[in-house]
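Trainee: Sharing a structure, written as structure tokens. Questions coming.
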Amino acid sequence: MRAYTRSNNQTIVSNAVNMYEFLQDRFAWDPVQLTLEGMSKAMRCAGVCIADVLSLYNPEDNTWLTGSPTILRLENQDIALFAVDGQHVALFFGTLNTETPLTPKDANQPSFVWKSFTPAQYAIGRHVSSFSFGTSEKGLLTALEARFDDGGRITLCASGCTSTRAARRAPLARPAAQPARTSSALMSRTRRTQPRLAVA
């Protein structure tokens, strides 16, 4: 896997595994600033359309990798969320090369490929209206949530990714037909205008 970033209109290629290790090291000695930088960059991405949502997949047994990094592929860049421990996460901004499989150093472990995450397909093609964040008691990043202009959302955290469709509004109930009412004033006038019988 390789990560691509741009500088002065030039593409700089870096290894995504090394980037993940860098984020872990950065989290170990500067977690607060890492969190603040990630939040600030994410908020500047609002208004962009989501082109794809990707996760690591094992094609041998047709399973998704538990705890896999998740990529929000936007129109202009990727936001990749990496779990740095069992609770906290770190964000990478750039463009990941998802065409190259991830091959573990242990030959007994299966290779994984990047694949569009089917449980989150609802998010594809929707515009991000805003981002919100989950934090721990220490104020460190635990989740990234993208909110859509239709009311839905997608949430990324250390345990994976979930999406929530916009809630459909129930149709308005038609008011029950009310029986016709005659005003008391009209009834009063009706009583007063009734013909009187002549008395001989």
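The values are calculated or read from the model by the stated rules, or taken from the named source; none is laboratory data. Because the structure is predicted, anything quoted here is derived from the model rather than measured. Counting neighbours? That spans all protein chains shown, and the Cβs are built from the backbone with ideal geometry, glycine included. What goes into the accessible areas is simple: the full protein's heavy atoms, side chains included, and nothing from ligands, DNA or RNA. Shrake-Rupley method; radii C 1.70, N 1.55, O 1.52, S 1.80 Å.
Trainee: With θ taken as phi - 60° and the coefficients 6.51, -1.76 and 1.60, list the Karplus ³J(HN,Hα) couplings across region 120-130 in order, rounded to whole Hz; mark glycine and proline as x.
Mentor: Coupling constants for region 120-130: 10, 4, 4, 6, 5, x, 9, 8, 7, 7, 6 Hz.
Trainee: Under 20 °C and 1.002 mPa s, how fast does region 52-108 diffuse according to Stokes-Einstein, given a Kirkwood radius computed over C-alpha pairs? Answer in µm²/s, whole number.
Mentor: So the translational diffusion coefficient is about 169 µm²/s.
Trainee: Tell me the label-point distance for the pair SER129, THR66, using the 7 Å Cα-to-Cβ offset, in nm and rounded to one decimal.
Mentor: 3.6 nm
Trainee: Arrange the residues TRP64, TRP29 by how much accessible surface each exposes, largest first, with a 1.4 angstrom probe.
Mentor: TRP29, TRP64
Trainee: Between region 120-154 and region 67-97, how many Å separate their Cα centres?
Mentor: Computed from Cα coordinates, the inter-centre distance equals 13 Å.
Trainee: Could you compute the net charge surrounding GLY125? Neighbours are other residues with a C-beta less than 14 Å from the C-beta of GLY125; K and R count +1, D and E count -1.
Mentor: Within the 14 Å Cβ shell, the charges total -1.
Trainee: Find out how many positive minus negative residues lie around ARG153, taking Lys and Arg as positive, Asp and Glu as negative, among other residues whose Cβ is under 12 Å from that of ARG153.
Mentor: Every neighbour counted, the sum reads 0.
Trainee: While we're on this one: Taking each pair of different alpha-carbon atoms in region 87-149 once, compute 1/r for the pair, average those values, and report the inverse of that mean as the Kirkwood hydrodynamic radius in Å to one decimal.
Mentor: After inverting the mean inverse Cα-Cα distance, the result is 14.9 Å.
Trainee: Accessible area per residue for region 90-163 in Å², computed with a 1.4 Å probe and the full protein assembly in place, what is it?
Mentor: Per-residue value: 50 Å².
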